[in-house]
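Taking it in order: structure first as C-alpha cells, then the write-up.
The values are calculated or read from the model by the stated rules, or taken from the named source; none is laboratory data. Values in this document were obtained by computation on a predicted structure and should not be read as measured data. Counting neighbours? That spans all protein chains shown, and the Cβs are built from the backbone with ideal geometry, glycine included.
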Amino acid sequence: MKLKSILMSSGALALMAAGAVAQDSETPESPVAGEPMADEMTIVSWGGAYQESQLKAYVEPYQEMHPELTVTWDESSGEAVAGMRAQSEANNITWDLVDATAADAMRLCDEGLAMEVDIDEIAAPAPDGTEASEDFGEDMLVSDCFIPQIAYSYTFGYRTDVSDWNGETPDEICDVFDLETFPGQRSLERRPHNNMEWALICDGVAMEDVYDELETDEGQQRAFDKLDTIKDQTVWWTAGADTPQLLADGEVVFGSTYNGRLFSLIVEQDQPVEMMWDAQSYDLDGWVIPEGLDEETLNRVKDFLWFATDTQRLADQAKYISYGPARASSAPMVGQHAELGIDMGPHMPTNPDNSSNAFVQNYEWWADYRDDLDAKFQAWLAQ
Amino acid sequence: MASTDSSTAFVEFDRVQKSYDGETLVVKDLNLSIGKGEFLTMLGPSGSGKTTCLMMLAGFETATHGEIRLDGKEINNIPPHKRGIGMVFQNYALFPHMTVAENLSFPLEVRKLGKSEREQKIKRALDMVQMGSFGGRRPTQLSGGQQQRIALARALVFEPELVLMDEPLGALDKQLRETLQFEITRVAHDLGITVVYVTHDQTEALTMSDRVAVFDDGRIQQLAAPDTLYEQPQNSFVAQFIGENNTLRGKVAKLSGDHCVVRLDETGEEIDALPVNVTREGDETLVSIRPERVEFNPELGPDAHTLTAEVLEFIYMGDVFRTRLKVAGRDDFIVKTRNRADQTRFAPGQKIQIGWLPQDCRALDP
Amino acid sequence: MTDATTGPDHLTGPTPDNALRDADRAEARGGGSGGPGDPVLAADGTPLKQSLNRALRAQKLRALALIAPLLLFILVTFIAPIVDMLFRSVENEIVVETLPRTVAALQDWDYASGEAPDEPAYRAMAFDLMIAAERREHTRVGSRLNYETTGISSLFRKSGRGVDDVGEVYTDQFVELNEAWEEPATWVTLMASEDWQESHSEWVAAGEAAEAADEDFDDLPPRFEVADRIAEILPETAGIYQAFADTIRTEDEESPAEEEPWNVVYQALYDDLSGQLGSAAETYAGPGADLLREAATAVPDFETMTVTDQMIEVDEDWAEPEVWGTIKAFDGPYTSGYFLSSVDLQKTPDGVERQPEGERIYILLFERTLFLSLTIMACCVALGYPVAYLLSNLPMRTSNLLMILVLLPFWTSLLVRTSAWKVLLQQQGVINDVLVWLGIISDGGRLVMINNQFGTIVAMTHILLPFMILPLYSVMKTIPPSYVRAAKSLGATNWTAFWRVYFPQSVPGIGAGCILVFILSIGYYITPELVGGTTGTFISNRIAYHISNSLNWGLAAALGTILLAVVLILYWLYDKIVGIDNVSLG
C-alpha cells in the first residue's frame, strides 16, 4: 500500500500548505519546443465538471500562450477503449489526446493502441528538480502508456434525513451491508470492481488479503454471498451521475460513486447528503496518447502535456474539482475552491481524515480477472 | 307488379329528412312507397341524395327526421344486421380472405344454419348466377363480372325479401353491364324479391326497373314507370336527365286546354306545344322535344307551326341518321331519323322546314 | 328467360383486355413464318428470342445503373459490416500469427498427458515472446487468451518484460569466451549474405552523404538476409537472428550492424552449437570461422540452464499445463470458441464443456430477450390496434391531429423519453406518489416499477408503439368500410363483422407491425440499460459491454451473429406459419 502512504502524506502536505500563497514556479521549456506543431488538437475527456476543471486549469492557460491552437473536445472517455480500437482498425486516428482511467490505459497499452511513453520525457520535473517519474511515484505509473493526472476515489454518500435510521449515521463501510440499522435502497456500480472488495472486507477479510482471497473460487463465492444480503435492496448504476440523482430523488439512501460527484451534490447543490469516506477505493485518471499520430500532432500533444502535467497545473485543477493531483509536489499548492472559496483540503480523498481506511484497486489483478469475474458478476446479477 | 298504394307498401319513406352537418339537408322531405316485388330504381346525378336514401334503408345511416317502414314496421332504430335486407355494393365487397363458398356461407353461418342446409343453399345460389363451379376460388381470382355475380348470390343466399343494390355495375364495361342488367332483373323476377337499385346510368334505370325515382337536390323529381318518365317528363330536369332532348326557350303566347303556342325568345318564331308546367300566358318556359319526334318538311295541320332550320351536320350512325341543325339561333338541335331506304340525306347548309305534333313538344318549367 | 348471352362473362366472349392479349399472342405467333418447331425470327432475321434479350439487356443495364448508387451504398454500409461481423466471430489469427513457433512446437504435445510440454515448446515460446514483446504484440495475445483462461493476460505482460533475460546466461558465457561476441559487427559479418552487406554499405554511405549535406535521411536499412552457408549449420540462430534484424528494422528503424542481438539469439547459438549440427561448425570456412570454431569447442563446457527453467523463472505460471493447453486449443486461424462462449459453453484444453454454473449468462439473456421482446410486441398490438383503428376511421382532420400525437415521441430524444419514464415509475416517482396520495398503497409499500422487467416493458412499449401503429394504420386505411357494412347487411353483429371480416384483413398490418417491433426490440440497448435494472436487460447490453468495455469483439460478433440468426429463423417461421405475403406496410 505504498500509493496510500504517498497520497496520505500529500494530503497532509496539502493541509499544511492550504493557507500558503502558491508560487507559480517556472517550468523549463518542453523538449519539443521549437519543433513544427499542429494547430489543432482533439482532446477526449469525460465532459461535465471534470472537463471544465481541465479547461480552466490548463487548456485555457495553454491556449493563451499559444493562441494559434484550436482545441476540439470530444466527451467520449467512457468509450475511450472501443473508440481508439475502432479508429486504429479504420486506420483513421482522429483523437490526439485521450483522458482515460488507469484500467483503460492499461488495456489500451496492452492492445497496442496507446503510445508507450517515457514519463521523464513527457512530464516536466518538479520545481525542486525532482524527476517526473519520482514525483508521480511508481504506484501512479501503472502502465507504460499512462500519464497520471488525478487520484479520485469511489466512496459512499448517504442521505441525512432518513427517519428509519433513528438518528444513527453510517460511519463505516460495513454499514452498507447492515440493513437492520440502515434500512433502505442502496446503489452500487453494475460491475464487480470495488463491490467485491467491499463485500470481502465486510465479511472479515483484511484489506491487504482481499485480492488473494478474491483469486479463489471460495473467496469469490464469499463476496457474492455477502452481496446477496443486500441484492434485492440495491439499484445498480452504470453512469457516474446515477447515484447523485438517486440520492437527490430519495430513491436510495446510500450509494457509491466518484467522490467528485458527491462533492458537487453536497457542497455545490446543497443536498441533505453526507460523505462516508470509510474504505474509499482509490482510482487514477490520466492521459494516454493514441498510437499512430503524425509527427506535428505528436509534437503539439507533447508540448501541451509538458505544460498540463506540471506541478502548478495539476494543483490548479484541484481548485475546480475535489480530486487529488497525481504529483506529490502539487499537493502543497492545493488551495481553495475557485468559486465557493472553501478549502478543498477536507474534500480531497487524500485528506488524512478521509483516507485513514482507504484501499487501492489492484489494476494488474483486475486486468487478469476482469473478464472472468465480470461474467460471474453479470450472471449473478441476472439471476 | 308496381304498386304505389301506401296501405300495401312494402317499403315506405315517410317525410324522411337527412342532414350530415346540421346546416344543409341532403335528403329533403322524402316520401316514397315501394310495393312488394317491385324493382325500383333511384336515379340521379351524384350528390342527389339517392345513395343516402339507400343507406338509410340499409341502416348504415340514420334519418334525421321522419320514418322508414319495412313491411309496416318502423325500422329507424333497428341495427342493420337485424333488418334482414340483402345488399350489393358497387365494389362488390366480397371478403378477400374467404373463398366464394365461404363468402356465401357467411350470412348463413351468422344465422346459425346447419352445414348441409348451408351447402344446399350455397349451391342453389351459385347455380342461380351460373357460377356453380367457382365455390373454391378466392374473389381476387375472379373477373369483375364474376365477382358481381357472387356478390349478388351472396346478397340473395339468405333469402331476403328486400335487396338493395348500390350502383352494382358501375365498375364494369358496357357489354358486361348489359348482360348483368338482364340477369339481375331475371333473378329478381324469378325470386319475386323487392329490389331498390341505385344508379346514375339512365339506360340501366330504364331497362331494368318497374318504376324509376329521379333524384335531384335531395328530392324525388319524378317517380314513374320508365316509358312515362321518358315520354312525359314532369319537369325540365327530368326531361334533360333522361334520354336525349332538344330544348328551346320562350314565353307562352297562347294557352288553351292541352295546347299552347310558345314564342321563342331568340327569333320570335312560334311553335306548338303541350302545356305541362305552364299555367298562364306570358309564363317563361323551356320546351322539350325528343330528337326522334321531329319531322322534316312536315305535313301537319293547317294551323301547325313549323320552323326553318339550317343543316349543320349530317351524321351516319348505321341504324339512324343524326342531323344537327341550327334552329332558332341554337346550333345544337338534333334530329334522329331511322335509316330507311327513302330517307333523305341532307347536305350541310341546306335549309329545311321542321315540325312536330304538339303533344310531342312539352312546355316545361323554365 | 333464357338467352345465349346470360352465361358468365368469361364464357360469353373476350373482355377487351383478354382480346388485346389474345391479339398480342396471335401477332407474336405470326411473327415467324416457319412451322411450329422453328424458332420465331425477328424482322432482320435474327431469332426473336435473341433480339428480345438484347432489347431487354439494355433496359436491365439502364435499370442497374440507376440503382447502382444505392446498391453500392448498401453493400458498403450494410452488407460489408455484417460480413465483417460474421468473420470476426470466428477469426482467431492472432495466436498463430504472434506465436507461430509455439503453435508448431505444440503440435505433438497432448494436454491430456497432464504434463507441461518439453523444452522445444519453451524455447519456441521464448523466441515468439521475445519478438512479440519487441513488436509490443504480446499483451494483445495475452488479452485474447485471457478471455479463455484467467491470468494469461498478466502472464504475458510480465513475461514480455522478463523474456529479455532468457538466454542471458549464454550471452555472458559467449562474451566471456570472446568479447567479439558482444559486437554487432561480429554478428553481421558472421550472419549476413554478401548481397546484404553490399546494399547495407550503400545505405550507410547514403546516410553519411545526407548528413554531410544536412539533409533528412529517413530510408530504412535494407532488409536483412542470412547467408546460406551459415543457415545450413546454424538454422536456429539464423532464424531468430533474421527475426531480430527484421524487428529492429521496422520497430526502431535500426540496422543490425549497430544493435547487440537479443539474449535469445545467444540461446539459439548455444542450442545450435551444442546440438547435432555443432560438428558442422568445425568444417565451416566462411567469415568468422575462427570465432565459431572456438565457440563450438567451448560450448560443451558451458554452464547450462534449460529454457524451461528460465521461463519458469520469469513466471512460474509457465509450468502450468493449462496455459499451454489454452494456447493449443486456440492455435487455429479460426475458432468456434466465441460461439461456444455465446451459448454458455467453453472450449477448454479438454474439449467443449459447459460453463461453470455461476458463469452461465448468455442463454438466460437470449431467452429473456426473446421473452421480453414478445411481451413488448404483444403490448404494442394490444395498445396500438385500437389506436390505429380509431385513426383510420376518423375524419382526415381529426386523424391527422391524432397522428401527430402518435408521432410525437419520434421527435423527442430517446434518452429524454426514457428518463421521463424514470421520473414517472421510480419509487419516489409520480405514479407512486399519486397512488400513496390516493391511499391505494401505503408509503412503505411503494411499488417497484423500474429497474426491472416491468420498467423495460413499459418504456419499450411506449417507444416502439409508433412502429406498430403506423403499419396497422396504413393497412386499415385500405380496408373499405363497405366490407363491414356488407357483413352487417348479411346479418353479422358488430363483433362478428369485426372479428370475421375486419380483423382478418388487418392481419397483414399486425404482421408488419409485429416484425418491426420485434426486430427493433430484440436489438434494443439504451432503454433496457437505463430502466432494466438487472432483470430487464437484453443480450444487446452484453454485446455493447463487449464492444466498448471488455474489447472482446469476437464474442460480441458471435452474440450478434446468433441474434441475427434468431431473427432470420423467426422470420422464416413467420413466413411458414402466416406467410410473408401477409405483411403489408401500406
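Structural remarks
- The residues listed here are A:Leu141, A:Leu108; of these, the one that is of a type in the set (A, V, I, L, M), in a loop (DSSP other than H, G, I, E, B) and within 30 Å of A:Glu29 (Cβ to Cβ) is A:Leu141.
- Condition check for C:Ala133: touching a residue at least 12 places away in the same chain (Cβ under 8 Å) and within 27 Å of the chain's Cα centre (by Cα): yes
- Members of the stretch A:134-176 found to be among the aliphatic types (A, V, I, L, M), crowded, with 23+ Cβ neighbours inside 10 Å and closer than 20 Å to A:Gln271 by Cβ, listed by number: A:Val176
- If you check A:Ala331, A:Ala338 for being buried (at least 22 other Cβ atoms within 10 Å of the Cβ) and either in contact (Cβ under 8 Å) with a residue 12 or more places away in the chain or within 14 Å of chain C (Cβ to nearest Cβ) (or both), only one passes: A:Ala331.
- Some residue of the stretch B:111-128 being closer than 20 Å to B:Thr199 by Cβ and at pLDDT below 90: no
- Single unsatisfied condition, A:Asp368 versus (1) within 30 Å of C:Phe538 (Cβ to Cβ); (2) among the charged types (D, E, K, R); (3) in contact (Cβ under 8 Å) with a residue 24 or more places away in the chain: (3)
- Qualifying residue in the stretch A:299-313 (condition: among the aliphatic types (A, V, I, L, M) and within 14 Å of chain C (Cβ to nearest Cβ)): no
- When A:Trp237, A:Trp287 are checked against the criterion of being touching a Leu at 6+ places or on another chain (Cβ under 8 Å), of a type outside the set (Gly, Ala, Ser) and within 14 Å of chain C (Cβ to nearest Cβ), A:Trp237 stands alone in meeting it.
Yes/no per residue for (1) within 14 Å of chain B (Cβ to nearest Cβ); (2) hydrophobic (A, V, I, L, M, F, W, C):
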| position | (1), (2) |
| --- | --- |
| C:Trp411 | no, yes |
| C:Lys422 | no, no |
| C:Arg446 | no, no |
| C:Val458 | no, yes |
| C:Phe467 | no, yes |
| C:Pro480 | yes, no |
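- Within the stretch C:116-134, being in contact with a helix residue (DSSP H, G or I) (Cβ under 6 Å, 6 or more places away or on another chain), farther than 12 Å from C:Ile240 by Cα and charged (D, E, K, R) holds for C:Glu119, C:Glu134.
- Scoring A:Ser322 on the criteria (1) in the same structural domain as A:Pro183 (by TED's automatic domain parsing); (2) in contact with a helix residue (DSSP H, G or I) (Cβ under 7 Å, 6 or more places away or on another chain) leaves a single failure, condition (1).
- Test: residue in the stretch B:170-181 that is crowded, with 23+ Cβ neighbours inside 10 Å, out of contact with any Leu (no Cβ under 7 Å at 6 or more places or on another chain) and either closer than 21 Å to B:Asp71 by Cβ or within 14 Å of another protein chain (Cβ to nearest Cβ) (or both): no
- Residue among C:Arg354, C:Arg446 that alone is at pLDDT 90 or above and either basic (Lys, Arg) or not assigned by TED's automatic domain parsing to the domain that holds C:Gly511 (or both): C:Arg354
- Entirely in the stretch C:374-462, the helices (runs of 4 or more DSSP H) that have 1 or more residues that are closer than 26 Å to A:Thr243 by Cα and more than 39 Å from the chain's Cα centre (by Cα): C:430-438
Results for (1) under 23 Å from B:Gln17 (Cα atoms); (2) not assigned by TED's automatic domain parsing to the domain that holds B:His65, shown as yes or no for each residue.
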site	(1), (2)
B:Ile193	no, no
B:Thr199	yes, no
B:Ala225	no, no
B:Cys260	no, yes
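- Boolean, C:Ala544 is within 14 Å of chain A (Cβ to nearest Cβ) and in contact with a Lys or Arg (Cβ under 9 Å, 6 or more places away or on another chain): no
- In the stretch C:337-368, of all residues being of a type in the set (A, V, I, L, M, F, W, C) and more than 10 Å from chain A (Cβ to nearest Cβ), the one that is surrounded by the most Cβ atoms within 10 Å (Cβ to Cβ) corresponds to C:Phe366.
- Checking each residue of the stretch B:34-47 against the condition of being within 14 Å of chain C (Cβ to nearest Cβ), part of a strand (DSSP E or B) and in contact with a Ser or Thr (Cβ under 9 Å, 6 or more places away or on another chain) gives no match.
- Scope the stretch B:91-110; condition more than 8 Å from chain C (Cβ to nearest Cβ) and at pLDDT below 90; matching residues: B:Tyr92
- Matching residues in the stretch A:58-88 - criterion: being more than 16 Å from A:Arg107 (Cα to Cα) and in a helix (DSSP H, G or I): A:Tyr58, A:Val59, A:Glu60, A:Pro61, A:Tyr62, A:Gln63, A:Glu64, A:Met65
- Only one entry of C:Leu464, C:Leu415 meets the criterion of being out of contact with any Phe, Trp or Tyr (no Cβ under 6 Å at 6 or more places or on another chain) and at pLDDT 90 or above, and that entry is C:Leu464.
- In this structure, A:Asp99 does satisfy being charged (D, E, K, R) and within 26 Å of A:Glu364 (Cα to Cα).
- Residue match in the stretch A:294-310 (condition: farther than 30 Å from A:Arg85 by Cβ and either at pLDDT 90 or above or assigned to a strand (DSSP E or B) (or both)): yes
- A search for C-beta distances below 7 Å between a residue of the stretch C:486-510 that is facing another protein chain (nearest Cβ under 7 Å) and under 28 Å from C:Leu465 (Cβ atoms) and any residue that is among the β-branched types (Val, Ile, Thr) and assigned to a helix (DSSP H, G or I), counting only pairs 6+ apart in sequence or on different chains, returns C:Val501/C:Val484.
- Positions within the stretch A:198-229 being under 21 Å from A:Ser153 (Cβ atoms) and surrounded by fewer than 19 Cβ atoms within 10 Å (Cβ to Cβ), in sequence order: A:Ala206, A:Met207, A:Glu208, A:Asp209
- Extreme residue, farthest from A:Arg313 (Cα to Cα), among residues of the stretch A:102-124 that are out of contact with any helix residue (DSSP H, G or I) (no Cβ under 6 Å at 6 or more places or on another chain) and away from chain C (no Cβ under 14 Å): A:Asp118
- Which numbered condition A:Asp99 fails, given (1) modelled with pLDDT under 95; (2) under 19 Å from the mean Cα position of the chain (by Cα); (3) surrounded by 19 or more Cβ atoms within 10 Å (Cβ to Cβ): (1)
- Residue identified as over 19 Å from C:Gln505 (Cα atoms), of a type in the set (Gly, Ala, Ser) and within 12 Å of chain C (Cβ to nearest Cβ) among B:Gly144, B:Gly135: B:Gly144
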